[in-house]
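Peer 1: Dropping the structure in here first, questions after.
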Amino acid sequence: MELKETIVRFTDENSKVALCVPRNDEEAIIQYIKWMSDSDSLRMIGSQKRISNVETVKKYLEQQNQGTWIFNMVLKENNVLLGNCDITRLSNTAGSLGIYIGLKEYRNQGYGKEVINLLLKYCFEELGMHRVELTVNSENEIAKHCYSACGFKKCGTEREVSWFAGKWHDIDRMDILDREYYDYKE
């Protein structure tokens, strides 16, 4: 799905992706619903929240001005909409990240790592955060490897908090501190 209008919020000259103002047109909303109705994908990100209608999507997008920054992730070379990501301010010095690559054919190609690095740059260098965290399904080894490669460290496990496919699943918590980010960056 190509973006009709791309308003780039930020990117990096070496990055293949850009983070843009989220689209809220009908075509984009239908795409979001499709992505967030996929039960396998939701299980891997540790979410039980199905987004199955226009109103739910609109509520999500309304968070944009309430301590959450929501972005579309797009490929710079052709404006293909890859997915969504967000930063939620937890306090003056801490935030939480979320990332979802909706197009399965673009997963496991390094785009997630680029997006995480762009989000961390924004959190630490623009917003002045001290700590950034995220959660991930304990079984999602690919995502945990990506987050570790970006400097995140496992800081805990919430046991049996997600119910999928007839069984309980654990959620891992990972975080990175500002000094770790700057050490990793060098």
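Peer 1: Please determine whether any residue of segment 118-130 is small (Gly, Ala, Ser), farther than 27 Å from Ser37 by Cβ and not in a helix (DSSP H, G or I).
Peer 2: Yes: one or more hits.
Peer 1: Considering only segment 131-150, state which residues are touching a helix residue (DSSP H, G or I) at 6+ places or on another chain (Cβ under 7 Å), in a strand (DSSP E or B) and not hydrophobic (A, V, I, L, M, F, W, C).
Peer 2: Asn137
Peer 1: Taking segment 69-85 on its own, how many of its residues are more than 17 Å from Ile30 (Cα to Cα), out of contact with any Leu (no Cβ under 7 Å at 6 or more places or on another chain) and in a strand (DSSP E or B)?
Peer 2: 1
Peer 1: From the residues in segment 16-28 that are under 20 Å from Glu105 (Cα atoms) and surrounded by fewer than 19 Cβ atoms within 10 Å (Cβ to Cβ), which one is modelled with the highest pLDDT?
Peer 2: Lys16
Peer 1: Another one. Glu114 - would you say it is outside any strand (DSSP E or B), among the acidic types (Asp, Glu) and over 14 Å from the mean Cα position of the chain (by Cα)?
Peer 2: So Glu114 does not fit the description; no.
Peer 1: Determine if segment 94-109 includes at least one residue that is among the β-branched types (Val, Ile, Thr), within 22 Å of Asp175 (Cβ to Cβ) and modelled with pLDDT of 85 or more.
Peer 2: Scanning segment 94-109 turns up at least one residue that is among the β-branched types (Val, Ile, Thr), within 22 Å of Asp175 (Cβ to Cβ) and modelled with pLDDT of 85 or more.
Peer 1: So which pairs qualify, if the first residue must be in segment 148-160 and more than 13 Å from Val136 (Cα to Cα), the second must be among the polar types (S, T, N, Q), the Cβ gap must be under 7 Å, and the two must be at least 6 apart or on different chains?
Peer 2: Every condition considered, the pairs that remain are Cys150/Asn117.
Peer 1: Within segment 159-169, is even one residue buried (at least 17 other Cβ atoms within 10 Å of the Cβ), polar (S, T, N, Q) and either touching a strand residue (DSSP E or B) at 6+ places or on another chain (Cβ under 7 Å) or at pLDDT below 90 (or both)?
Peer 2: The answer is yes, given that some residue of segment 159-169 is buried (at least 17 other Cβ atoms within 10 Å of the Cβ), polar (S, T, N, Q) and either touching a strand residue (DSSP E or B) at 6+ places or on another chain (Cβ under 7 Å) or at pLDDT below 90 (or both).
The values are calculated or read from the model by the stated rules, or taken from the named source; none is laboratory data. Since we're looking at a predicted model, the values are computed, not measured. All Cβ positions, glycine included, derive from the backbone under ideal geometry; neighbour counts span all protein chains shown.
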